[in-house]
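Colleague: Sharing a structure below in structure tokens format, with a few things to ask.
The values are calculated or read from the model by the stated rules, or taken from the named source; none is laboratory data. Just so we're clear, the structure is a prediction, and the values are computed from it rather than from any experiment. Cβ: placed from backbone, ideal geometry, glycine included. Neighbour counts: every protein chain shown. Heavy atoms of the whole protein, side chains included, go into the accessibility calculation; ligands, DNA and RNA do not. Shrake-Rupley method; radii C 1.70, N 1.55, O 1.52, S 1.80 Å.
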Amino acid sequence: MLEWETMPGFFKQFRPFYGWYIVAATFIIGFYVVGVVFYGFTTIFKPIVEEFGWSYTQVSLAASLRGVESGLMAPVVGMLIDRWGPRRIVFAGGCLTALGLFMLSRTSSLATFYISFALIATAMSTCTVTVLMTAVSNWFRKKIGLAMSIVSCGFGAGGLVVFIMARLVDAYGWRMTVEGLAFGVLIIVLPLALVLRHKPQQYGYLPDGGTLQLVEASKEKGVVRVKEYGITIKEAVKTRTFWLMAIMFICQHLMVGTTVTHIMPYLIDVGLDTTIASLGAAGIPLASIIGRIGFGALGDRVSRKKMMVVMFAMISLGLISFQMAGSFGIIGVIGFLLLFGTGFGGFNGTRPAFAREIFGTKQYGTIFGSLIGMGMLGNVAGPFIAGRLFDIQGSYNNVWLIFSAIALVALAATTAINEKPLHYEDEFAG
């Protein structure tokens, strides 16, 4: 029973559906953790290179290690959330994230630098996309597009953290900044983890706020049992749709992981000052909010597959514009943010609902986590490849044109997906 069930009837009539509390909590958790760990890394990239004298390839490898750990953990986390629910997983992930950030702030060698990032990556898998989206997906059906778009906007709003981090690094140095952000995890993430709940049926509700009437109940545990709808992970991996979606995820993570890691070094390399570069870095997730809200809202009315085809076309054109920043300066950056940011945001806001639409909720966490895990292969390869090309060429020449072609591969894979659901939905689906 939820805590509010003990409230007097007068107050109950004013309470919103508890799913919206979960949406609010996941929005803030995603905002902080993704902003600090994913988007914020670019702000400490050059300070670390300058302090230790490491190459771009060596520092970029930390982002790749983050992708390896996240990729390995995502399917495991997906299975754990299907079994245990999100609260314990996010709480444990918050503790690990704080520990990893504290270790990073005291880095003295390349080995400890990599170890701290491996710990952060493991923790990030337990309190970001897979867990948060699964937590929300269980509580909504008719309003799933809106709910997931709001949570996705939290990830996009994390771009504000980049700008703040850049200012803090300038004022206090990267070590003190990272240490302060570790304390922030303890203060923000851990209390919000306690707000999360697994499935509404366990508390006598249906998705979207309906009241569950007479169904089989467990007197010992007080858990309402209803039929799940959807297919299992074993059934999913036997379908062509699953592997086309995997290709789509890999390409998207490769492009985004590389761009987010290298945007500030690249913009500084082509002659823009640190302030403009930090604004450009913050601009990616902030511009993505347009796509997250716009495409997310349309997803409940328009084919999500067709929208994602448009999104990858925008990402490809955006990377071409980014390549032109060396010649056109801020104009190229603005074109990049509007096209790439909006397209990337739209995809991130649409993909969780698209996966649930096709595979159902029976093992949604496991299936979506597996797709995210394979997508992380792109996060592993992309930043490392870009860093290696820079060390060889001494510049980012043609890097972004190469990655714009990868967006077209994702577009082709999306076009080939059959968006027909692979399941039948029961009346009281969980």
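Colleague: Test residue 275 against the stated conditions and say whether it is of a type outside the set (Phe, Trp, Tyr), more than 21 Å from residue 339 (Cα to Cα), modelled with pLDDT under 85 and assigned to a helix (DSSP H, G or I).
Modeller: yes
Colleague: Quick check, is residue 149 more than 21 Å from residue 280 (Cβ to Cβ) and free of Cβ contacts under 8 Å to residues at least 40 places away in the same chain?
Modeller: Against the criterion (more than 21 Å from residue 280 (Cβ to Cβ) and free of Cβ contacts under 8 Å to residues at least 40 places away in the same chain), residue 149 does not qualify.
Colleague: Conditions first: (1) open to solvent by less than 30 Å² (accessible area, probe 1.4 Å); (2) not in a loop (DSSP other than H, G, I, E, B). Residue 198 passes all but one, so which condition is the exception?
Modeller: (2)
Colleague: Filter segment 230-263 for residues that are touching a Ser or Thr at 6+ places or on another chain (Cβ under 7 Å) and at pLDDT 85 or above and give the result. Give the steps one after another, and end with the answer.
Modeller: In the first step, residues of segment 230-263 are kept if they are touching a Ser or Thr at 6+ places or on another chain (Cβ under 7 Å); the result is 230, 233, 248, 260-261, 263.
Of everything in segment 230-263, those that are touching a Ser or Thr at 6+ places or on another chain (Cβ under 7 Å) and at pLDDT 85 or above turn out to be 233, 248, 263.
Colleague: For segment 368-408, what are the residues that are free of Cβ contacts under 8 Å to residues at least 40 places away in the same chain and either in a helix (DSSP H, G or I) or of a type in the set (A, V, I, L, M, F, W, C) (or both)? Even if it seems obvious, please write down each step before you answer.
Modeller: Here is the first cut: in segment 368-408, the ones free of Cβ contacts under 8 Å to residues at least 40 places away in the same chain are 389, 392-394, 397, 402.
Across segment 368-408, the qualifying residues are 389, 392, 393, 402.
Colleague: Where residues in segment 294-309 are assigned to a helix (DSSP H, G or I) and in contact with a Leu (Cβ under 9 Å, 6 or more places away or on another chain), which of them is farthest from residue 245 (Cα to Cα)? Reasoning before the result, please.
Modeller: Initial filter on segment 294-309 (assigned to a helix (DSSP H, G or I)): 294-298, 304-309.
Filter again for in contact with a Leu (Cβ under 9 Å, 6 or more places away or on another chain), leaving 296-297, 304, 307-309.
On the way: 296: 18, 297: 21, 304: 13, 307: 14, 308: 11, 309: 12 Å.
Taking the candidates together, the pick is 297.
Colleague: If residue 381 meets every condition in (1) within 23 Å of the chain's Cα centre (by Cα); (2) more than 30 Å from residue 277 (Cβ to Cβ); (3) of a type in the set (Gly, Ala, Ser); (4) open to solvent by 10 Å² or more (accessible area, probe 1.4 Å) apart from one, which number is that one?
Modeller: For residue 381, the failing item is (2).
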